[in-house]
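Visitor: I am attaching a structure below and will ask some questions about it afterwards.
The values are calculated or read from the model by the stated rules, or taken from the named source; none is laboratory data. Since this is a predicted model, take the numbers as computed values, not measurements. Here Cβ is always computed from backbone atoms with ideal geometry, including for glycine, and neighbour counts include all displayed protein chains. The area values use the complete protein model at the heavy-atom level, side chains included, leaving out ligands, DNA and RNA. Shrake-Rupley method; radii C 1.70, N 1.55, O 1.52, S 1.80 Å.
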Amino acid sequence: MNYIANIPEAGYKKRLVIIGGGFAGLELAKKIDKKQYQVVLIDKNNYYQFQPLFYQVATGGLEPSSISYPHRKNFQRNKNFHFRMCEAQSVDPEKRIVKTNIGDINYDHLVISTGCDTNYFGNESLKETTFALKSVSESLLLRNRILLSFEEALSAKDEGELKEILSFVIVGGGATGVELAGSLADMKKSILPKDYPEIDFSKMEIHLVDASPRLLFAMSEEASAKAAKTLKKRGVIIHQDISVKSFEKPYVEISNGTKLRSRNVFWVAGVKPNSLAGLDESAYNRGRLAVNEFNQVNGYEDIFALGDTALLISDNSPKGHPQVAQVALQMANNLAKNLNNTIKAKEWEKFTYADRGSLATIGRNAAVADLGKFRFGGRFAWWLWLWVHILSIVGMRNKVSVFIDWVWSYLNYDVSLRLFIRPKFNKMYKEE
Ligand SMILES: Cc1cc2nc3c(=O)[nH]c(=O)nc-3n(C[C@H](O)[C@H](O)[C@H](O)COP(=O)(O)OP(=O)(O)OC[C@H]3O[C@@H](n4cnc5c(N)ncnc54)[C@H](O)[C@@H]3O)c2cc1C
């Protein structure tokens, strides 16, 4: 027997169910007119996560609570809004039902904005042996792994084991890989030697392994070259155009035959869409949900997809859009406008993406920016990166706390969050 999730009746309003409260889902839930629609937002977590700053949590620069925001707090004063913390499992488009682990939820309009998860490109054993960075909890796990390394280094049995403990292998030369490598290099230079005076940090190695021809492949060649130059100057060893073949602890084998001995392999090499069962095969293209310019999923009038999980191929975007926050936000805004206009019988507007450019930071005082014709790097790009991120973080308290943490660490060449906090098993979290 199917359980029905306990959500109040929508009455004369249409029920809009949004699966996933990330960049796209949250923006849509905020912008939709709740006088016209009853909104049901469901998410695996009861909070929103600001993914671009996961690496800062991982390297002790920010607290997880500074980049997360509770969904319920966002909608405290909204009458026709209901949040349920649950996992969507499948969709039954005939019956217009979403099946979740707390029961079935019926919908009039369904929006799928489930984002992506880490892609191991078929090598699933890497999931068990490497560390990913796709959620706040993974960022904390990575932070613990980094901190634990230095504690372990103090009791290394021999030089070989010391090398293994002090080697960090980051796989993936996109923005996350570059940011993580730059941040570790900053820690190596100005923070770790003060905390661990007994360790010889000249033995710490940071490897960045990237399968594409250049770092930051989605950005301009100038940005890639600047990023590579800065990272090399800061001691990062770059393995370009080289992929990871296997990781049989403690050796990472890379495609040129080299074996890197390491306990710390961080996998930030790619993403794959989070998909749900129940939709026809024709709804998918390259694993993503194929949508038209109104974000309707191929073959379904009342099902929409937004953000990373959606693929919109059109004359304006023959290859689809990049999987970045701006695309998710803009798609959500366009859909909100169209759904809100339905009652006024206004014609729907097609989605067009306004590219506002890209920024990536490489560490203290160093970033690269591609803003249309303007391509630059260095301190100014870094300040711009800081402000853009502070403005984008959800919640005033979070903006202030990130600002204070960043000013503090800039002035003191330090990050203050080097706490190794381990969860203890508690039967409260055990699944029945
Ligand atoms: C480490 C990292 C750094 C990044 N840096 C940048 C950057 O600097 N600039 C940039 O523009 N982009 C960046 N991105 C990409 C950007 O974060 C994504 O493009 C954006 O989050 C996509 O938004 P979304 O709404 O599609 O998905 P998400 O924001 O991922 O949200 C998906 C939501 O769906 C929920 N969910 C998933 N499956 C289910 C389910 N079955 N049931 C219920 N809930 C579910 C998840 O819990 C999540 O809340 C980065 C991504 C990562 C991982």
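Visitor: Shape verdict for region 12-124, please, from the Cα gyration tensor: rounded (a/c under 1.5), prolate (a/b greater than b/c) or oblate. Before the final figure, lay out each step's value.
Guide: Details: a/c = 2.54, a/b = 1.38, b/c = 1.84.
It comes out oblate by the Cα gyration axes.
Visitor: Moving on. Build a GNM of the chain with springs between Cα atoms under 10 Å: which of Gly11, Gly357, Gly115 gets the top mean-square fluctuation?
Guide: Its mean-square fluctuation being the largest, the pick is Gly11.
Visitor: If each of Lys79 and Lys44 carries a label point 7 Å out from its Cα toward its Cβ, how far apart are those two points in nm?
Guide: 3.5
Visitor: Nearest 20 debye, what's the magnitude of the dipole of the chain about its Cα centre given +1 on Lys and Arg Cβ and -1 on Asp and Glu Cβ?
Guide: Working: 57 positive and 47 negative charges, 249 e Å.
Charge dipole of the chain: 1200 debye, to the nearest 20.
Visitor: Between Leu53, Leu140, Leu260, which gets the highest mean-square fluctuation from a Gaussian network model of the chain, Cα cutoff 10 Å?
Guide: Comparing Leu53, Leu140, Leu260 in the GNM, the peak value goes to Leu260.
Visitor: Here's another thing I want to ask about it. Could you list which residues have their amide H under 5 Å from that of Tyr284, counting only those 5 or more apart in sequence or on another chain, with H placed in the peptide plane?
Guide: Residues meeting the criterion, in which the H sits 1.01 Å from N, are Ala290.
Visitor: Once you keep just the Cα pairs under 8 angstrom separated by 6 or more residues, what percentage relative contact order results for region 120-269?
Guide: Working: 246 pairs, mean separation 46.9, N = 150.
Computed over region 120-269, the figure is 31 percent.
Visitor: Out of Tyr107, Tyr413, Tyr37, any idea which swings most in a Gaussian network model of the chain, alpha carbons joined below 10 Å?
Guide: Tyr413
Visitor: Pairs to check: Lys259/Lys424; Lys99/Lys272; Lys127/Lys319; Lys34/Lys350; Lys44/Lys134. Give those whose C-alpha atoms are more than 25 Å from each other in this structure.
Guide: Numbers: Lys259/Lys424 35 Å; Lys99/Lys272 22 Å; Lys127/Lys319 29 Å; Lys34/Lys350 23 Å; Lys44/Lys134 14 Å.
With Cα atoms farther than 25 Å apart: Lys259/Lys424; Lys127/Lys319.
Visitor: Normalised by the number of residues in the chain, what is the relative contact order in percent for Cα pairs under 8 Å and 6+ residues apart? Kindly include the intermediate steps, with their values, before the conclusion.
Guide: Details: 833 pairs, mean separation 80.1, N = 432.
This gives 19 percent for the chain.
Visitor: Let me check against my output: what whole-number percent is the relative contact order of region 333-380, with C-alpha pairs under 8 Å and at least 6 apart? Mind showing how you got there, number by number?
Guide: Numbers: 45 pairs, mean separation 10.5, N = 48.
Answer for region 333-380 is 22 percent.
Visitor: Still on this structure, please answer the following. Would you pull out the residues with amide H under 5 Å of Ile18's amide H, same chain only if 5 or more places away, H placed 1.01 Å from N?
Guide: Val40, Leu41, Ile42, Val111
Visitor: Taking the dipole about the Cα centre of the chain, with the C-beta of Lys and Arg at +1 and of Asp and Glu at -1, give me whichever of Ser183, Pro273, Pro8 is farthest to the positive side.
Guide: Checked the options; the winner is Pro8.
Visitor: Output the antiparallel fraction of DSSP beta bridges having both residues in the chain, as a percent to the nearest 5. Spell out each step's value before the answer.
Guide: Details: 34 of 72 bridges.
So the antiparallel bridges in the chain amount to around 45 percent.
Visitor: Suppose only helical runs count, i.e. DSSP H with n ≥ 4. What mean residue ellipticity at 222 nm does that imply for the chain under -39500 (n - 2.57) per run, divided by all residues and rounded to the nearest 500 deg cm²/dmol? Don't skip to the answer; put the middle values down first.
Guide: Details: 12 runs with 126 residues, N = 432.
Computed ellipticity for the chain at 222 nm equals -8500 deg cm²/dmol.
Visitor: Can you compute 3J(HN,Hα) from phi for each residue in region 89-103, using the Karplus curve 6.51 cos²θ - 1.76 cosθ + 1.60 with θ = phi - 60°, rounded to whole Hz and x for Gly and Pro?
Guide: Values, residue by residue: 10, 7, 10, 10, x, 5, 8, 6, 10, 9, 9, 10, 6, 10, x Hz.
Visitor: OK, next. Starting from the Cα gyration tensor of region 81-180, take the square roots of the eigenvalues, sort them a ≥ b ≥ c, and report rounded, prolate or oblate (rounded when a/c is under 1.5, otherwise prolate if a/b is larger than b/c, else oblate). Numbers along the way, then the final one.
Guide: Values: a/c = 3.30, a/b = 2.85, b/c = 1.16.
Verdict is prolate for region 81-180.
Visitor: Can you compute 3J(HN,Hα) from phi for each residue in region 372-382, using the Karplus curve 6.51 cos²θ - 1.76 cosθ + 1.60 with θ = phi - 60°, rounded to whole Hz and x for Gly and Pro?
Guide: Residue by residue, region 372-382 yields x, 6, 8, 10, 8, x, x, 5, 5, 4, 5 Hz.
Visitor: Separate question: Evaluate 2.2 N^0.38 Å with N set to the residue count of region 120-269, then give the Cα radius of gyration divided by it.
Guide: Taking N as the residue count of region 120-269, the ratio is 1.00.
Visitor: Could you list the square roots of 5 times each eigenvalue of the Cα gyration tensor of region 213-357, that is, the equivalent ellipsoid semi-axes, sorted largest first and rounded to whole Å? Please report the intermediate quantities before stating the final value.
Guide: Details: eigenvalues 312, 79, 28 Å².
Ellipsoid half-lengths, sorted descending, are 40, 20, 12 Å.
Visitor: Next question, about the same structure. Among Ile254, Tyr196, Ile97, pick out the residue whose Cα is farthest towards the positive end of the charge dipole of the chain, where Lys and Arg carry +1 and Asp and Glu carry -1 on C-beta, about the Cα centre.
Guide: Among Ile254, Tyr196, Ile97, the one farthest towards the positive end of the dipole of the chain is Tyr196.
Visitor: Computing the accessible area with a 1.4 Å probe over protein heavy atoms, can you report the carbon and sulfur percentage for the chain?
Guide: On the way: 11350 of 21830 Å².
Whole-percent figure for carbon plus sulfur exposure: 52.
Visitor: Report, by chain and number, residues whose modeled amide H sits under 5 Å from the one on Asp117, excluding near sequence neighbours (fewer than 5 apart, same chain).
Guide: Correct list: Lys272, Asn274.
Visitor: Kindly express, to the nearest 10 degrees and within the range 0 to 90, the angle between helix 221-233's C-alpha long axis and the longest C-alpha principal axis of the chain.
Guide: 40
Visitor: Roughly what would the spin-label model give for Phe201 and Lys35, points 7 Å off Cα along C-beta, in nm?
Guide: 5.9
Visitor: Please list 3J(HN,Hα) in residue order for region 10-16, calculated via the Karplus relation 6.51 cos²θ - 1.76 cosθ + 1.60 where θ = phi - 60°; whole Hz, with x for glycine and proline.
Guide: Values per residue, Gly and Pro as x: 7, x, 7, 7, 7, 9, 9 Hz.
Visitor: For helix 136-153, what angle does its Cα long axis make with the longest principal axis of the chain, in degrees from 0 to 90 and rounded to 10?
Guide: Compared with the principal axis, the helix lies near 10 degrees.
Visitor: OK, next. Send over a whole-number figure in Å² for the accessible area per residue of region 35-152, probe 1.4 Å.
Guide: On the way: 4990 Å² over 118 residues.
For region 35-152, the solvent-accessible area averages 42 Å² per residue.
Visitor: Taking the 0 to 90 degree range and rounding to the nearest ten, how far is the long axis of helix 396-412 tilted relative to the main principal axis of the chain, both from C-alpha atoms?
Guide: Relative to the chain, helix 396-412 is tipped by roughly 10 degrees.
Visitor: What ratio of Cα Rg to 2.2 N^0.38 Å holds for the chain?
Guide: Working: Rg = 22.7 Å, N = 432, 2.2 N^0.38 = 22.1 Å.
Taking the Cα Rg and dividing by 2.2 N^0.38 Å, one obtains 1.03.
Visitor: Alpha carbons only, please: Rg and Dmax for region 316-432, in angstrom.
Guide: In order Rg, Dmax, the Cα atoms of region 316-432 give 20.6, 58 Å.
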